[in-house]
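Right, one structure below, let's go through it.
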Amino acid sequence: MAHDSSTIGIFQSTGVVDHDTIAGTAIAVVTLELAEPIAGERPEQVRVATIAHDESGSPLLGEPGEYLLFLKPWVIRGEQVSDRWLATDDWSGIYTSGNSGGSWVRYDSEATELPESVSIAELDDLATRSTPEIVAEVVEDQTVRSQR
């Protein structure tokens, strides 16, 4: 998952949630601030698009708190959508704060190929790809699919 991410870090939700409509689907765009960079790019602030909601019905990541996020650029029709990001591998790229021991718990309970919890020390050696590399790959994938 790290290889498909441009940035990995601990982000603090600001509680700011905007809404966009893409292809008729309402999408929440949550603003978060970088609290602790781990790997890759270090944007001070990110706007993460999500259609997922937490147990309370609020947009995922919209509630106050910290989240360990694996993020990639949001690309539509070969262009990065301004300053917006997506969780890498849908919900699998989101970990919520765990116990007081400093662990982070995987939000997606069905992503069993990933560890259920991780500590920051376990993430120290992760490498990411640059945003241009990821955008180029998405453009290539979209081109191949449109030619079929």
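The values are calculated or read from the model by the stated rules, or taken from the named source; none is laboratory data. Quantities reported herein were computed from a predicted structural model and do not represent experimental measurements. Methodologically, a virtual Cβ is constructed for each residue, glycine included, from the backbone with ideal geometry; neighbour enumeration extends over all protein chains shown. All accessible areas refer to the heavy atoms of the entire protein, side chains included, with ligands and DNA or RNA removed. Shrake-Rupley method; radii C 1.70, N 1.55, O 1.52, S 1.80 Å.
On the stretch given as the stretch 41-99, residues that are open to solvent by less than 50 Å² (accessible area, probe 1.4 Å), in a strand (DSSP E or B) and not small (Gly, Ala, Ser) total 21. Restricting attention to the stretch 116-128, the residues being touching a strand residue (DSSP E or B) at 6+ places or on another chain (Cβ under 8 Å) and either of a type outside the set (Asp, Glu) or open to solvent by less than 80 Å² (accessible area, probe 1.4 Å) (or both) number 8.
Cβ-Cβ distances below 9 Å connect the following pairs, each with a first residue in the stretch 17-32 that is farther than 13 Å from Val48 by Cβ, a second residue that is in a strand (DSSP E or B) and acidic (Asp, Glu), and a separation of six or more residues or different chains: Ala26/Asp20.
Within the stretch 125-143, being within 18 Å of the chain's Cα centre (by Cα) and not basic (Lys, Arg) holds for Leu126, Ala127, Thr128, Ser130, Thr131, Pro132, Glu133, Ile134, Val135, Glu137, Val138.
Residue pairs whose Cβ atoms lie under 7 Å apart, sitting 6 or more positions apart in sequence or on different chains, and linking a residue in the stretch 122-139 that is more than 15 Å from Arg42 (Cβ to Cβ) to a partner that is at pLDDT below 85, are Val135/Val75; Val135/Gln80; Val138/Val75; Val139/Gly78. Of all residues assigned to the stretch 8-22, at least one qualifies as being touching a helix residue (DSSP H, G or I) at 6+ places or on another chain (Cβ under 9 Å) and in a strand (DSSP E or B). Restricting the stretch 13-40 to residues that are open to solvent by 70 Å² or more (accessible area, probe 1.4 Å) and in contact with a Phe, Trp or Tyr (Cβ under 9 Å, 6 or more places away or on another chain) leaves a set whose member that is nearest to Ala121 (Cα to Cα) is Glu36.
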